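For reference, the structure is listed below as structure tokens.
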Amino acid sequence: MNAPVKKNVVKEPSMLRQKEMIAQHFRDLARAKEQGKKVVYTFVPGNLTELMLSFDCLPLHPEINALQSGMRKLSGEYIAEAERAGHSEDVCTYVKCDIGMMLKGNIGPTGEKLPEPDLLLLSYTGCFTFMKWFELLRERYKCPTAMLHVPYQGEGHFTEEQVQYVVDQLRSEIIPKFEKVTGQAFDIDRLRDLLGNSARAEEDLVYVLESAKKRPSPIDAYFGGVYYIGPLFTAFRGTPAATEYYRMLREEVDARAAAGQGPITPDGLLDEERFRLVVEGPPNWTHFREFWKMFADEGAVVVASTYTKVGGTYDRGFRHNPERPLESLAEYCLGCYTNLNMPTRVDMLTNYVKDYEADGFLINSIKSCNSFSAGQLVMMRQVEKRTGKPGGFIETDLVDPRYFSASNVKNRLESFFQMLAQKGQEVPA
Amino acid sequence: MTTTETTPIEAWTRRVEDLVLDLDLSAVRAWKDAQPGRKAIGFLPTYVPRELIHAAGMLPVGVLGAGEELEIVRGDACFQSYICHLPRSVMELGLSGRLDVLDGMLFPSTCDVIRNLSGLWQLEFPDKFVRYVDVPQNFDPEVGGKFYERLLRELLGELCALSGKSPEEVDLAASVRIYNTNRARVSELYALRAEEPWRVPASEAYLALRAGMQLPPEEHTALLEEYLELARAAERPMQDNARVVIAGAFCEQPPLPLIRTLERAGCDLVDDDFMLVSRWLGPDVPETGDPLKALVDAYLAFGGEASCKYVPDGEDKGARLIASVREKHAEGVIFAAPSFCDPALLDRPMLQEALDEAGIAYTSFKYSENTGQLQPIREQAGTFADTIKLWGDQ
């Protein structure tokens, strides 16, 4: 049995705003066909939201469907459905959850049927599985597929040749497919306007994430962070609504910081920041609040996380640039977190531990995500060696409830927090 | 009491098996020792252009894991239980010093695990040359072709810098010719196996192919020719086995006993996707014009399919596998994929659907390179072979 979750969950105003934005988006999706809107399925890392919006398309993200199914306790059933249909128990559960949801009628989080795609935009960025995932969806939907191959930063940086390769694909493959599917001509000025909006929102997101350098941190950059990245990482980047959301979020965080307050957790304001942590890896979605509570109950605040960089590493200085629209989109795709090589990822974690004055770092190793997980044990040793701070390691999964063992995770976390306390790194009251 | 004399082909098999199972890479060490200053470059599956390494004056060495031959300790400390076996055995080989003989490593874009392994290699072996080879998934000559050409020119320059060979001395065209000859012998081996499988057991063909992961291509070609001659001359009884194609084993390799188990279960493996690097470009890369451009064009044009390669047109998914079944007159497909291999296991339902539509029988199992429990696989493969033999025409 799962532990009961507290019913009176406290939500920040920005969370409520975001909830309304998402609800409206799904209402728009449900009416897309009758309103003549084209629906584009795509992925979060390397997403080309501004380009899609410049063609008046509605983006839909299978990963987001999967994580929402996880939070709504539906993913286990969907995964079982996909496995019954012949999908291996070994592979990515996001894929199986999405396939299972499709097989069971493709009902979205609002209870309405999701529209079928007019175009599959396969942004092959930082995750091999994406390629297979959209080959699988293509089999089912028999719709056009546009493939954008984003090369990996194997040497720890991207090259002019890589940028040119992505731009060439945008010009020769992606934009022509959008033009064909929508019947609209590419409007670069419209794209520029959207990119300008994105840059403003990105500035505010970085401000919010970096507010965690304060003591106490006014945000939780992992559990809270997944809400903060929502609009920029999904369907809203480039829209005035996203810009407004981030302005509002920034004010909200500023107000908490000015009052010396910590982050808002599901149980309300965190009273005391006992441990400052850096976290690597995605969260578990099937027991999200229970997982968060295991940290909050111990006064553990995540001050920086790598998961909040999967849809863009804005805190490393990248901003979408209207002056170089296609090059800027290419550089965005190339810079997403899982497209960075392991030494760069180790450097990022090391810098986070130092810059955010963390007491330790934790890896949440996801069973079905090789892109994140392969090599994390080596990363842990490297970061421990470079920072002198203790590292913790837990294993869960994205949306497969079979791989979230609450008691095991809690035991490990408690041991980790005890170790932090014993090392005398507890923040003085 | 009678003694059985070792036949020439048995002697060949023992010699090559010793070579292939030698985790200390003695053959590579011997090649390097034969001439001071020689260097060797390791590469992982699925495909790297070995011609570039060869043209730079170095020995390309396939690093395909440790099979069932090595106890994994340090490698297991690098990877969680749900990661496939290949990276842990490769890491074990590296950390135990067995790969010290290699002066560099190339990690091709096969999957996320091999991709991340490239970075781990940079962290664990900072003094070694390490490159990630990101082959294009866009096959337009003006887009993916241009990108790949730039990548190969840069890689060739880096390899020359490592070997100390001046770029002016490089005769890439000669390397292309040498590998073309090698690919032609490999094709001959596969053709003979498909025509007369009783003459070429899959385990021997596998050894013949795998020897090429350690030997210089010229020596490997000679070894293949020696084997082909022996196989054609050997007196072996024709057998009434089921003709099957193996799919899914393009990266982590099945242990040799598993291949022998499939044969003992009544399967003639008439085609497979083992060590695709040996066959990836097809038999003939053009030998005229710019040889580097020829390698690029051959890569873009090659219609081979593996789970690590994007299939731009959904209608083509599984077409290569079906063509292989038809061309080799196979009666079924065995999907043999390594546990936790995302590319192969995600591909499998699509390929199975294509086979269903084509009316081709198949069975599926998973393995790891150190699989020791072979009896269940023998029973499954035996049942599959029997089914084909009994009801294959229905």
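No value in this document is a laboratory result; all are computed from the given coordinates. What you see is a predicted model, and the numbers here were worked out from it, not measured in a lab. Positions of Cβ are generated from backbone atoms using ideal geometry, with glycine treated the same way; all protein chains shown enter the neighbour counts.
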* Structure fact -> With a Förster distance of 45 angstrom and the Cβ-Cβ distance between residue A:140 and residue B:387, calculated FRET efficiency to the nearest 0.05 equals 0.95
* Structure fact -> Put in order of increasing Cβ neighbours within 10 Å, starting from the fewest, A:248, A:380, B:91 give A:248, A:380, B:91
* Asked: How far is the Cα center of region A:192-214 from the Cα center of region B:1-61, in Å?
  -> 55 Å
* Structure fact -> Note to self: C-alpha centroids of region B:332-394 and region A:37-71 sit apart, in Å, by 36 Å
* Asked: How large is ³J(HN,Hα) for each residue in region B:6-13, as worked out from phi by the Karplus curve 6.51 cos²θ - 1.76 cosθ + 1.60 (θ = phi - 60°), to whole Hz, x for Gly and Pro?
  -> 6, 7, x, 6, 5, 5, 4, 4
* For A:97, B:160, A:57, order by how many other beta-carbon atoms lie within 10 Å, fewest first -> B:160, A:57, A:97
* Asked: Which lysines have a Cα less than 26 Å from the Cα of residue B:389, not counting those fewer than 8 places away in the same chain?
  -> B:328, B:366
* Asked: For residue A:293, which aspartates and glutamates qualify as cross-link partners when the Cα separation must be under 16 Å and same-chain residues fewer than eight apart are set aside?
  -> A:220, A:267, A:271, A:272, A:273, A:414
* To do: Calculate how steeply helix A:75-84 sits against the longest principal axis of the alpha-carbon atoms of chain A, using the helix alpha-carbon long axis, and give the answer as 0 to 90 degrees to the nearest 10.
  => 60 degrees
* If the chain between residue B:184 and residue B:219 were fully stretched, how many nm would it gain, using 0.36 nm times the residue separation less the Cα-Cα distance? -> 11.2 nm
* Asked: Projected onto the charge dipole of region B:8-172 (+1 at Lys/Arg Cβ, -1 at Asp/Glu Cβ, origin at the Cα centre), which of B:111, B:136, B:9 gives the Cα projection farthest towards the positive end?
  -> B:136
* **Modelled FRET efficiency - R0 25 Å, residue A:405 with residue A:267, Cβ distances, 0.05 increments** => 0.65
* Name the lysines eligible as straight-distance cross-link partners of residue B:32: C-alpha to C-alpha under 19 Å, and not fewer than 8 places from it in the same chain. => B:128, B:165
* Structure fact -> XL table A:38/B:317; A:73/A:132; A:104/B:146; A:367/A:389; A:11/A:73; A:19/B:317; Cα-Cα > 32 Å flagged, in table order, is A:104/B:146; A:19/B:317
* Structure fact -> Calc'd 3J(HN,Hα), region B:176-190, phi into Karplus 6.51 cos²θ - 1.76 cosθ + 1.60 (θ = phi - 60°), Hz, glycine/Pro = x, comes to 4, 4, 4, 6, 4, 4, 4, 5, 5, 5, 4, 4, 5, 4, 5
* For chain B, what class follows from the C-alpha gyration tensor (a ≥ b ≥ c being the square roots of its eigenvalues): rounded when a/c is under 1.5, otherwise prolate if a/b is larger than b/c, else oblate? -> rounded
* **Under the Karplus curve 6.51 cos²θ - 1.76 cosθ + 1.60, θ = phi - 60°, whole-Hz ³J(HN,Hα) for region B:126-135, x wherever Gly or Pro sits** => x, 8, 8, 6, 9, 9, 8, 9, 8, 5
* Specify the angular offset, from 0 to 90 degrees and rounded to the nearest 10, of the alpha carbon long axis of helix B:112-124 from the longest principal axis of the alpha carbons in chain B. => 40 degrees
* Would you work out the charge dipole size for the protein assembly as shown about its Cα centre, treating the Cβ of every Lys and Arg as +1 and the Cβ of every Asp and Glu as -1, and quote it to the nearest 20 debye? => 1980 debye
* Structure fact -> Between the alpha carbon centres of region B:180-245 and region A:311-376 the gap in Å comes to 47 Å
* With point charges of +1 on the Cβ of Lys and Arg and -1 on the Cβ of Asp and Glu, referenced to the Cα centre of the protein assembly as shown, which listed residue (A:123, A:229, B:66) lies farthest in the positive direction of the dipole? -> A:229
* Structure fact -> Footprinting proxy, A:88, B:26, B:166, B:96: sorted fewest to most Cβ within 10 Å, the residues are B:166, B:26, B:96, A:88
* Asked: Where does the protein assembly as shown land at 222 nm, in deg cm²/dmol rounded to the nearest 500, when only DSSP H runs of n ≥ 4 count, each adding -39500 (n - 2.57), divided by all residues?
  -> -14500 deg cm²/dmol
* region A:278-390, dipole about Cα centre (Lys/Arg Cβ +1, Asp/Glu Cβ -1), debye to the nearest 20 -> 240 debye
* Take chain A, connect every pair of alpha-carbon atoms lying under 10 Å apart with a spring to form a Gaussian network, then pick out the residue of A:237, A:324, A:250 with the largest mean-square fluctuation. => A:324
* Which GluC sites (Glu not before Pro) does region B:67-169 hold that lie in a coil by DSSP with at most 12 other beta carbons within 10 Å? -> B:71
* Asked: Tell me, what is the FRET efficiency for residue B:165 and residue A:381 to the nearest 0.05, using R0 = 56 angstrom and their Cβ-Cβ distance as r?
  -> 0.90
* To do: Work out the length of the dipole vector of chain B about its Cα centre, built from +1 on the beta-carbon of each Lys and Arg and -1 on the beta-carbon of each Asp and Glu, and round it to the nearest 20 debye.
  => 460 debye
